[in-house]
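**Q** Quick one: the structure is below, and I'll ask about it shortly.
Bear in mind that the values in this text are calculations on the coordinates, not laboratory data. These figures come from a predicted structure and were not determined experimentally. Note that we place each Cβ from the backbone using ideal geometry, even for glycine, and neighbour counts take in every protein chain shown.
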Amino acid sequence: MVEDTTHLLEIWVAGWAGCRGYETRREGRFPAALRADTTHEWEYFAYDPSDAEFEALAAKTAEVPARVLTILTNDAARYTLLGQRNGLHVTSASQTMMIVDMETQDSEDPWLSDDDLKLETSRTDGVHHAVVTAGEDVAASGRVFVVGHTAIFDNIVTSAAYQRRGLGSFIMKALAAQAFEHDVDSGLLLASLDGQKLYSHLGWREVCHVLMLSTSDEGADLSVG
């Protein structure tokens, strides 16, 4: 599966914004999303921009402390230095974009071996949700949004009290089963360090690193999924 990372970024932003109900727009040739639920400001995205493109995006980011510039790259040192030259510092460098061939994923609904846990699935405004509950507690949850033939997975979370019970994998499988209601051929997500281990185990592979920059620390790890 050969991919154009610029195109993957466009798809991911569309799906991530779809999952979260964010408004999107263009900043030059690059996508941006308004983080209405957190910073109430714009986050700009670019894959390996030129020095001049980076400077223009950095200038827009620096206008407001809550703005974030997210760079996809495999040359983090270059953009860390460019950030320093343009008044931005790195707030997160641990995430990666990951991709999977959906043909390798199970299309059947998974089943819970623990009778105390219950899976609930739903769909709202095109967003598929999967939630595992234990009585009144939410043990794990996640969501997926399909753009074209790509499923974008977002906000895969397992509560601390329910970790190490395979619920992260279970949620991913439950979401994949919902994604297969559409004609999907690939999956995309941004993964934290912990998530990278889980997704690698499920057959996902790394596309590139993700660098988040800001004039403040308000944007740290906001895109973690």
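**Q** Between Arg85 and Arg164, what's the calculated FRET efficiency when r is the beta-carbon distance and R0 is 41 Å? Round to 0.05.
**A** Details: r = 43 Å, r/R0 = 1.05.
Result of the calculation: an efficiency of 0.40.
**Q** Springs between alpha-carbon atoms under 10 Å, Gaussian network over the chain: tell me which of Thr91, Thr121, Thr73 tops the mean-square fluctuations.
**A** Thr121
**Q** When the Cα centres of the stretch 156-221 and the stretch 6-47 are compared, how far apart do they sit, in Å?
**A** 18
**Q** Going by how many other Cβ atoms sit within 10 Å of their own, how do Cys19, Cys208 line up, fewest first?
**A** On the way: Cys19 22, Cys208 19.
In order of increasing Cβ crowding within 10 Å: Cys208, Cys19.
**Q** Let me ask you something else. Where does each of Thr158, Thr61 land when they are ranked from fewest to most other beta-carbon atoms within 10 angstrom?
**A** Numbers: Thr158 23, Thr61 29.
Least crowded to most crowded, the residues run Thr158, Thr61.
**Q** Compute the FRET efficiency between Asp101 and Asp75 as 1/(1 + (r/R0)^6), taking r as their Cβ-Cβ distance and R0 = 22 Å, and round to the nearest 0.05. Provide the component values of the computation, followed by the final result.
**A** Details: r = 26 Å, r/R0 = 1.19.
That gives a FRET efficiency of 0.25.
**Q** Right, another one. Work out from phi, with θ = phi - 60° and the Karplus expression 6.51 cos²θ - 1.76 cosθ + 1.60, the ³J(HN,Hα) of each residue of the stretch 210-215, listed in order in whole Hz, and give x for Gly and Pro.
**A** 10, 10, 10, 10, 7, 7
**Q** A further question on this structure: Amide H neighbours of Glu27 under 5 Å, at least 5 residues apart or on other chains, H built in the peptide plane: list them.
**A** Ala32
**Q** Run the numbers for Thr24 and Ser113: contour at 0.36 nm per residue of separation, minus the present Cα-Cα distance, in nm.
**A** Details: separation 89, 0.36 × 89 = 32.04 nm, distance 4.05 nm.
Between Thr24 and Ser113, full extension yields 28.0 nm more.
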